[in-house]
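Each value in this text was obtained by applying a stated rule to the coordinates, not by laboratory testing. A quick note: this is a predicted structure, and the numbers were derived from the prediction, not measured. Note that each Cβ is placed from the backbone with ideal geometry, even for glycine, and that neighbours are counted across all protein chains shown.
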Amino acid sequence: MRVGMKGISDILGIIPPHGRFLAIEVKKPGRKPTAHQRAFLAEVKRMGGIALVAHSLEDVARVLDGLLGSPRTMRVQEQADAG
């Protein structure tokens, strides 16, 4: 049973304070997104959102750090460590 559209990312979010859309496709190391997943990520980027394929939490932190600055990245890491 499928919930949602084909190719939609595993993790979706809104980044405050301006509400920028975030889509993260999570893959095991060495795995690549499908054509539908790549198309979804491309559309998110085309519309001004942040879209990435992550093989680890470090991948996510690296992208967010580059876009948002390190204080937010530290909170992402702290939440993952606590979770």
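In this label model, HIS18 and ARG31 are separated by 3.3 nm, measuring between points 7 Å along each Cα→Cβ vector.
Sort the following peptides by mean Cβ neighbour count (other Cβ atoms within 10 Å, averaged over residues), highest first: 21-28, 54-61.
Values: 21-28: 17.2, 54-61: 15.4.
The packing order, highest mean first, is 21-28, 54-61.
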